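What follows is a short report on a single structure.
Each reported figure results from applying straightforward, stated rules to the coordinates on display, with no laboratory input. Model, not experiment: these values are computed from the prediction. Because the Cβ atoms are built from the backbone with ideal geometry, glycine has one as well, and the counts that use them run over all protein chains shown.
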Amino acid sequence: MLRLFCVALSLLLSVTVSVADMLPATGGSIILVNDSNDVITSETYSTNQQSPRVRPQRYICVVDQSGSVGGGGQVSCPAKPGRVGGRCRCANVTGSGTLYTY
């Protein structure tokens with residue numbers, strides 16, 4: 001009896017999986033039933049919904065020029081992604097700076 005139950009259960013699960021594979025991946029219909037089984041709601045959905053655009057991280061290298069002969073201030077330049085707070089270099093600037101993101 002237990003063997004028959006296990007075979008029937010495995011057949012039911014394999015049929016369920018094969019039917020689920022045949023459903024379209026882009027959209028479908030959901031039927032919601034509450035606990036008292038008296039209200040049925042049908043909704044259509046799509047898995048290809050547009051997600052809000054996220055701006056990519058931008059990195060900048062800031063070199064402090066306070067100790068240089070030519071004056072003070074800071075020089076900044078675009079930088080490659082790296083560890084924020086780490087050391088970085090700008091072209092045509094003496095010294096190293098700190099990497100920031102914005």
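Counting charges near L99 (Lys, Arg +1; Asp, Glu -1) among other residues having Cβ under 14 Å from its Cβ returns a value of +4. Available extension along the chain between C77 and Y102 is 7.7 nm, counting 0.36 nm per residue and deducting the alpha carbon span.
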